[in-house]
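Novice: Here it is, the structure in full.
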Amino acid sequence: MTNQQKYLATPNRGRNDVNKFGWQIGDILHLSGNQTANGYNYCGYKEIELPCETPVRIIGIHQTNLNAGCKNGIGDVYIDFECIYLKNHDNTPVTCGNRHAWCLLEANPDFMVCPDGSGDLGFVRNGVWYSYAGTDGQTNRFGQTEYIRNKVIDLCEVA
């Protein structure tokens, strides 16, 4: 098997399980945080940092029974995806295999596209929509990174 064949043979590729999120192969979703693709130069491909909100296409879905006992009998979902706009040096799509579904924004029940029609990605808390990505994180006195949200919308004012 060539490196390219091995690279493109992600563990769940083509698997299309019915899953708790209702996703299907071909759905385009977004990364919820920074991810690394091609770790340790896997199959000779350069390691790439994938930023938050990178659009990805699902190429495999596996609904498992892992942790089902903790979550009302519904297990974890694992996915394979390829990046929409990123390619490796040989023009193969950058892929990631067997990633936990929580690596995608759309897995979060608070996820919502901005109600102003801009297409910005964010989340809702207590009736307020916040943009997902903040600007330059600041470290607070507890060593946690806090983000300044670049857009905040009160949903009561939009309705």
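Novice: Under the definition of Cα pairs under 8 Å and six or more residues apart, what whole-number percent is the relative contact order of the chain? If you can, show how the numbers build up before the last one.
Specialist: Numbers: 312 pairs, mean separation 27.6, N = 159.
For the chain, the relative contact order is 17 percent.
Novice: First check a/c for the chain, with a ≥ b ≥ c the square roots of the eigenvalues of its C-alpha gyration tensor; if it is under 1.5, answer rounded, and if not, answer prolate when a/b is larger than b/c or oblate otherwise. Could the numbers behind the result be given before it?
Specialist: Working: a/c = 1.91, a/b = 1.44, b/c = 1.33.
Here the chain falls in the prolate category.
Novice: Relative to the present Cα-Cα distance, how much length would full extension add between residue 57 and residue 102 at 0.36 nm per residue of separation?
Specialist: On the way: separation 45, 0.36 × 45 = 16.20 nm, distance 1.49 nm.
Residue separation times 0.36 nm, minus the Cα-Cα distance, leaves 14.7 nm.
Novice: May I ask you to compute the full-extension gain from residue 157 to residue 9, defined as 0.36 nm times their residue separation minus their alpha-carbon distance, rounded to one decimal in nm? List each step's numbers first, then the result.
Specialist: Values: separation 148, 0.36 × 148 = 53.28 nm, distance 4.84 nm.
Roughly 48.4 nm would be gained on extension.
Novice: Sticking with this one: So how many Lys-Lys pairs in the chain land under 27 Å Cα to Cα, not counting same-chain pairs under 8 apart? Intermediate results must be reported in sequence, preceding the final value.
Specialist: Details: 6/46; 6/87; 20/71; 46/87.
Total qualifying Lys-Lys pairs in the chain comes to 4.
Novice: In nm, give the distance between the simple-model label positions of residue 84 and residue 1, each being 7 Å from the Cα along the Cα-to-Cβ direction.
Specialist: Modelled inter-label distance: 2.9 nm.
FYI, it's all coordinate maths here, none of it is from the lab. None of the values given here were measured: they were computed from a predicted structure. Cβ: placed from backbone, ideal geometry, glycine included. Neighbour counts: every protein chain shown.
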